[in-house]
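Asker: Dropping the structure in here first, questions after.
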């Protein structure tokens, strides 16, 4: 095998890439499917309830049952909608979220058959730009859903989401500038490796971290920024007219986006696969066990951040639209500019 | 409706062309029950609001004219269905005033317990729904934890959790069981800590404060003009509580404070309700400490004989008692000629019963003053200029029950 791959490295790359695509997208999809279960269990724990416990042990079969239900439900398309956009919109929320996973490094490089494989599906040199290119597409899904539904509550939801996501996209972008100023690269693997040897960016750039986390909540439409679908105001916001699998796609898209943003927070600010007191050398010394350790560390951080998402959702109330805009433009953007200044001073060559 | 019509005229032509009419309710998640609001929106801003009510109209007042005095008691359960015990008490007090029947001290104390338990329960639900509408869902389920305790207590009081029908003219249906007292004491001990928990989540929460302070300001004048009562009136800074202004059930003997707001905004109404719950717990403690022994139904005097079923023991041994049992049981009560109004401090405000009797077995006219009905009137006045999200804060802080509004 080793000789074969040494002779045909392209075959190795293709095989590992395919394997990584299958593995990482499924990690994402399974987590996205089980996040509602986690959310219901955690919220139940916070609210003195039991949570789902009927389907399987501790309700673990619930996501499967829900998915089956969604698939077998009738898929009604109301007569007054713009059919093409109405069908396209749910897909537009899920696909960009899944695509972003392509550049996320899950673990240190693995060596197999004498070759090394990076543990990101595509270790692009413009990783961060790729992330922003695709995560900003998600706004189209929601806005189009609101528009194509041709109905009043979804329209308000869609308009709200357009304004909200565009504003917070800006904060998101600006808050990361400091990170690649420090790393002097846009490649996510390099950003992680720099943090493994140095400090995590959340400690060197606390303001940028804060802004990024807040913007991540807004980008995924989670409380306190769930205005586009604010149930108590807009019934269900942009997806009021959706049912069956189309609704499930929005649902999956939201949880997928949560997972992706948790990955990004881990990669950009929490040291990715880093474990405290480990360096790149000690990871390399452990070989593939180091990669496994890094993978576990990375997933732990992602899960912790997902828990944080749920925690926040069940703790604080929702913002009002003008307050949201005020926070975005007048507080977060100046703060992220300040962070850029701070990053510049911190990384000034002495 | 009238306000919406006048606003149609006031709004400039160019603005009206951009406005959007949106129908909120009667099946909207946060119009709690079946309130319907027809909103005219300019973007997120509400230009006008026309509440439409009557989806839960069950002709209760008319029913009151066809049923005998006692038979109407179960109907009062369904008025403010978040505080059925309180409605029972209010109706019984009105009937007693009409028939000049006294209520024994022990029954009065039990009625105070009914009143305060249902006040806490109703305020808890109001607070929970209010917080949930603004996105803080945990509070809602936390309040249900305490409401569960209260419902268990109510179950001990009268056997039912929801449709209580507990009071009788001249007293209450049955005495409290022995195991009620330790449970009630445990609840009273525990409750202030629970309120602290709610406060920890909300009172100084920046988002909560921003969403409620300065929103839906009701001035003193407006509050009086629209006939608001209860926490909505007190939130606007007017000190009026029927329990203090016109004490009944011996409320003058209990020590409690009535909270008064300063700004009249949604935040003040929220604080008022929290404070009232704490005071209610204090009143409960005082009742537990001081409740007298004695009968729970007034069976003394000629009037009482005609209104209250005699004791079973006497029915079996005494001819007179058997006759009264037969008369009250089959024919019901003959009320004297007259008309009375009696208002009680219910959780939502002053619940009043106006009874007119031409003598006979049923009311000639029975009119219910539902506080929610009066409180909701102010929506039309308050909403213009607020955003859609503020409507949720407003509805939550006004804390209405459609069962009582539509009757």
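Asker: For the stretch B:118-168, take the convex hull of the Cα atoms, compute a quarter of its surface area, and give me that in nm², please.
Answerer: Taking a quarter of the hull surface, the average projection is 3.5 nm².
Asker: If you average over every viewing direction, what projected area does the convex hull of the Cα atoms of the stretch A:124-200 give, in nm²?
Answerer: 5.7
Asker: Where the centre of each part is set by its Cα atoms, how far does the stretch A:218-289 sit from the stretch B:208-230, in angstrom?
Answerer: Taking the Cα centre of each part, the stretch A:218-289 and the stretch B:208-230 sit 40 Å apart.
Asker: Now, a different point. If the viscosity is 1.002 mPa s and the temperature 20 °C, what translational diffusion coefficient in µm²/s does Stokes-Einstein give for the stretch B:197-242 when Rh comes from Kirkwood over Cα pairs?
Answerer: My calculation gives 179 µm²/s for D.
Asker: Compute the FRET efficiency between residue B:278 and residue A:308 as 1/(1 + (r/R0)^6), taking r as their Cβ-Cβ distance and R0 = 22 Å, and round to the nearest 0.05.
Answerer: Computed FRET efficiency for residue B:278 and residue A:308 comes out at 0.10.
Asker: Shifting gears a bit: Which FRET efficiency value, to the nearest 0.05, is calculated for residue B:381 and residue B:156 with the Förster distance at 51 angstrom and r the Cβ-Cβ distance?
Answerer: Once the sixth-power term is evaluated, E becomes 0.75.
Asker: Stretched out fully, how many nm does the piece from residue A:329 to residue A:3 gain, at 0.36 nm a residue minus the Cα gap?
Answerer: Roughly 111.6 nm would be gained on extension.
Asker: Right, another one. Eigenvalues of the Cα gyration tensor times 5, then square-rooted: what semi-axes does that give for the protein assembly as shown, in whole angstrom, largest first?
Answerer: Computed over the protein assembly as shown, the values are 61, 28, 24 Å.
Asker: Here's something else I'd like to know. What percent of all Cα-Cα pairs in the stretch B:56-185 falls into each 10 Å bin, going from 0 up to the bin containing the maximum distance?
Answerer: Values per bin, smallest distances first: 13, 39, 31, 14, 2.
Asker: Between A:114, A:237, A:287, which gets the highest mean-square fluctuation from a Gaussian network model of chain A, Cα cutoff 10 Å?
Answerer: Highest fluctuation of the listed residues: A:114.
Asker: With the crude spin-label approximation of a point 7 Å out along Cα→Cβ, what separation in nm comes out for residue B:20 versus residue A:84?
Answerer: Rounded to a tenth, the inter-label distance reads 2.3 nm.
Asker: Another question, if that's okay. Does the stretch B:291-363 come out rounded, prolate or oblate, given a ≥ b ≥ c as the square roots of the eigenvalues of its C-alpha gyration tensor, rounded meaning a/c under 1.5 and, failing that, prolate meaning a/b above b/c?
Answerer: Taking the square roots of the gyration eigenvalues as a ≥ b ≥ c, the stretch B:291-363 is oblate.
Asker: With everything on Cα atoms, drop me the angle between helix B:388-398 and the longest principal axis of chain B, reported from 0 to 90° to the nearest 10.
Answerer: 20
Asker: Enter the angle in degrees (range 0 to 90, nearest 10) between the Cα long axis of helix A:9-46 and the first principal axis of the Cα atoms of chain A, meaning the one along which they spread out most.
Answerer: 50
Asker: If you don't mind, there's one more thing I want to ask. In square nanometres and to one decimal, what's the mean projected area of the convex hull around the Cα atoms of the stretch A:2-346?
Answerer: If you wrap the Cα atoms of the stretch A:2-346 in a convex hull and average its projections, you get 19.1 nm².
Asker: In peptide B:39-50, how many Cβ atoms from other protein chains are near each Cβ within 10 Å, on average?
Answerer: The shielding value for this peptide is 1.
Asker: Could you give the length gained by full extension between residue A:282 and residue A:345, i.e. 0.36 nm per residue of separation minus their alpha carbon distance, to one decimal place?
Answerer: Going from the current span to full extension adds 19.6 nm.
Asker: Residues in the stretch A:172-196 near a label at residue A:203, defined as backbone nitrogen under 13 Å from the 7 Å Cα→Cβ point?
Answerer: A:195-196
Asker: Can you give the log10 of the normalised intensity I(q)/I(0) at q = 0.08, 0.14 Å⁻¹, computed with Debye over equal Cα scatterers of the stretch B:60-405?
Answerer: -0.39, -1.11
Asker: Note the full-extension length gain between residue B:320 and residue B:219 as 0.36 nm times their separation in residues minus their Cα-Cα distance, in nm to one decimal.
Answerer: Full-extension gain reported as 30.5 nm.
Asker: So how tilted is helix A:188-197 from the main axis of chain A? Cα-based, degrees 0 to 90, rounded to 10.
Answerer: On a 0 to 90 degree scale, this one is about 60.
Asker: Once Rh for the stretch A:14-87 is found with the Kirkwood sum over Cα pairs, what is the Stokes-Einstein diffusion coefficient at 20 °C and 1.002 mPa s, in µm²/s?
Answerer: For the chosen part, D equals 140 µm²/s.
Asker: Further question: Mind pulling up the Rg/Rh value for the stretch B:241-368? Radius of gyration and Kirkwood radius, both on Cα.
Answerer: Ratio of gyration radius to Kirkwood radius for the stretch B:241-368: 1.10.
Asker: Where does chain A land at 222 nm, in deg cm²/dmol rounded to the nearest 500, when only DSSP H runs of n ≥ 4 count, each adding -39500 (n - 2.57), divided by all residues?
Answerer: One gets -22000 deg cm²/dmol as the mean residue ellipticity at 222 nm.
Asker: Springs between alpha-carbon pairs under 10 angstrom, Gaussian network model over chain A: which of A:15, A:162, A:216 fluctuates most?
Answerer: The residue that fluctuates most here is A:15.
Asker: Select from A:289, A:200, A:147 the residue whose mean-square fluctuation is largest in a Gaussian network model of chain A (Cα-Cα springs shorter than 10 Å).
Answerer: A:289
Asker: Set the Förster radius R0 to 35 Å, insert the Cβ-Cβ distance between residue A:125 and residue A:67 as r into 1/(1 + (r/R0)^6), and round the FRET efficiency to 0.05.
Answerer: Plugging the Cβ-Cβ distance into 1/(1 + (r/R0)^6) gives 0.40.
A short reminder: the numbers here are calculations on the coordinates, not readings from a lab. As the structure is a prediction and not an experimental result, all values here were calculated from the model. Cβ atoms come from the backbone with ideal geometry, glycine included; neighbour counts cover every protein chain shown.
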